[in-house]
Amino acid sequence: MSMWTVFILLVIIASVFLAAEIWRETHSFSVTRYQVKSEKLKGLNRDVKIVFLSDLHNCVYGKENEDLLSSVRRENPDLILIGGDMLVGKTGVPHDAALDFVRQLPVICPVIYANGNHEQRRKSDPELYGSIHQEYERILKESGVKFLENDACIMEVGGGKLLICGLALEMEAYAKFKKAHITAGNIEAYMGFSPVENSVAYDYSILLAHNPSYVDAYLEWGADLILSGHLHGGLVRIPGIGGIITPQGFLFPKHSGEMKRHGDQTVIVSRGLGSHTLNIRLFNIPEVVSVTIRS
């Protein structure tokens with residue numbers, strides 16, 4: 001057997017393996033568990049469990065998403081936080097799968113939902129989308145889901161007060177091949193306050209901010225815990241390096257699917273639960289993120 005024949009066989013074997021692995025990773029998910037500790041949480045009388053969901057994009061795991069629902073139930077969360085892009089914001093694409101899944105979550109525990117770019121797109125262009133997104137929100141609100149769009153609420157859990165903030169950036173912050181200039185001052189203008197200046201009202205602040213490209217601004221704004229998604233893990237992940245590319249076309253993002261500490265602050269970026277335009281994942285299995293916060 002010639003060297004060229006051996007080389008071609010190896011290429012075929014590798015291609016088959018990679019194709020099979022991509023198929024597996026786009027049809028399954030895992031649960032990633034993190035622990036976050038802070039002196040600010042010393043008032044807690046027990047651990048608090050948060051399930052963070054992001055970027056489902058209408059994907060379905062098991063009949064009527066029962067596999068995904070069962071996984072969330074098993075975590076026994078105190079709060080479910082949604083980081084956006086549960087649906088696909090394109091004309092003619094129904095949101096039934098996302099709606100049917102999310103509306104079942106408030107039976108488990110309180111659910112807070114912050115928009116991603118796909119929700120924002122549907123809301124920002126009524127000429128194209130009509131009132132379809134308003135109907136989506138109406139049904140979910142009636143089911144018990146709380147939406148935060150540049151707004152915040154305080155949740156009392158485990159003897160502590162958690163400030164949950166939902167950031168909604170303008171669509172230009174998601175433009176292809178372009179990064180907007182977003183500062184802490186912009187975040188304060190969107191939200192209408194600074195968490196540092198209002199810290200007497202709560203113990204710990206959590207910011208739901210869909211796009212992690214602007215983590216530096218979120219950190220400077222002062223959130224204790226930042227939860228993001230959007231990047232789908234960078235599509236392909238290299239061990240020790242992370243994700244390869246962002247939806248905006250930038251290579252090797254700083255945060256793409258992991259937990260990182262920045263002094264007393266924590267950033268968690270979900271690899272997301274689905275995909276849409278580029279249905280590719282390699283060494284990058286979709287995930288439910290489960291966060292235990294403790295003193």
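Taking every residue in the range 16-40 that is over 16 Å from Asp264 (Cα atoms) and pairing it with any residue that is open to solvent by 100 Å² or more (accessible area, probe 1.4 Å) and part of a loop (DSSP other than H, G, I, E, B), at least 6 positions away or on another chain, the pairs with Cβ-Cβ distances below 9 Å are Glu21/Phe283; Glu25/Phe283. Which of the residues belonging to the range 100-159 are in contact with a strand residue (DSSP E or B) (Cβ under 8 Å, 6 or more places away or on another chain), open to solvent by 40 Å² or more (accessible area, probe 1.4 Å) and part of a helix (DSSP H, G or I)? If the condition is that a residue be in contact with a strand residue (DSSP E or B) (Cβ under 8 Å, 6 or more places away or on another chain), open to solvent by 40 Å² or more (accessible area, probe 1.4 Å) and part of a helix (DSSP H, G or I), then Lys141 is the only one that fits.
Checking the structure you have, find out if any residue of the range 234-249 is among the polar types (S, T, N, Q), under 30 Å from Arg24 (Cα atoms) and at pLDDT below 95. Yes, the conditions are met somewhere in the range 234-249. Regarding Asp85, is this residue among the acidic types (Asp, Glu) and surrounded by 18 or more Cβ atoms within 10 Å (Cβ to Cβ)? Criteria met by Asp85. Output the residue which, of all residues in the range 262-280 that are outside any strand (DSSP E or B) and of a type in the set (S, T, N, Q), is nearest to Ser54 (Cα to Cα). Across the range 262-280, the extreme among qualifying residues is Ser270. Return yes when Asn65 is part of a loop (DSSP other than H, G, I, E, B), under 30 Å from Leu162 (Cβ atoms) and polar (S, T, N, Q) and no when it is not. Here the answer is no, as Asn65 does not meet what is asked.
Rundown of residues vs (1) in a helix (DSSP H, G or I); (2) over 26 Å from Glu156 (Cα atoms); (3) touching a Cys at 6+ places or on another chain (Cβ under 6 Å), yes/no style:
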| residue | (1), (2), (3) |
| --- | --- |
| Glu188 | yes, no, no |
| Pro195 | no, no, no |
| Val200 | yes, no, no |
| Tyr214 | yes, yes, no |
| Gly233 | yes, yes, no |
| Gly240 | no, yes, no |
| Lys260 | no, no, no |
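Yes or no, residue by residue, for (1) in contact (Cβ under 8 Å) with a residue 60 or more places away in the chain; (2) farther than 21 Å from Gly160 by Cβ:
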residue	(1), (2)
Ala201	no, no
Ile226	no, no
Ile238	no, yes
Gln248	yes, yes
His255	no, yes
His262	no, yes
Asn284	yes, yes
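Residue-by-condition table, conditions (1) under 20 Å from Gly272 (Cα atoms); (2) at pLDDT 95 or above:
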residue: Lys90; (1), (2): yes, no
residue: Leu99; (1), (2): yes, yes
residue: Asn115; (1), (2): yes, yes
residue: Asp125; (1), (2): no, no
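The values are calculated or read from the model by the stated rules, or taken from the named source; none is laboratory data. Computed from a predicted structure; not experimentally measured. No Cβ is skipped: glycine too gets one built from the backbone with ideal geometry, and neighbour counts run over all protein chains shown. When the accessible area is computed, the model is the full protein with side chains, heavy atoms only, and any ligands, DNA or RNA have been set aside. Shrake-Rupley method; radii C 1.70, N 1.55, O 1.52, S 1.80 Å.
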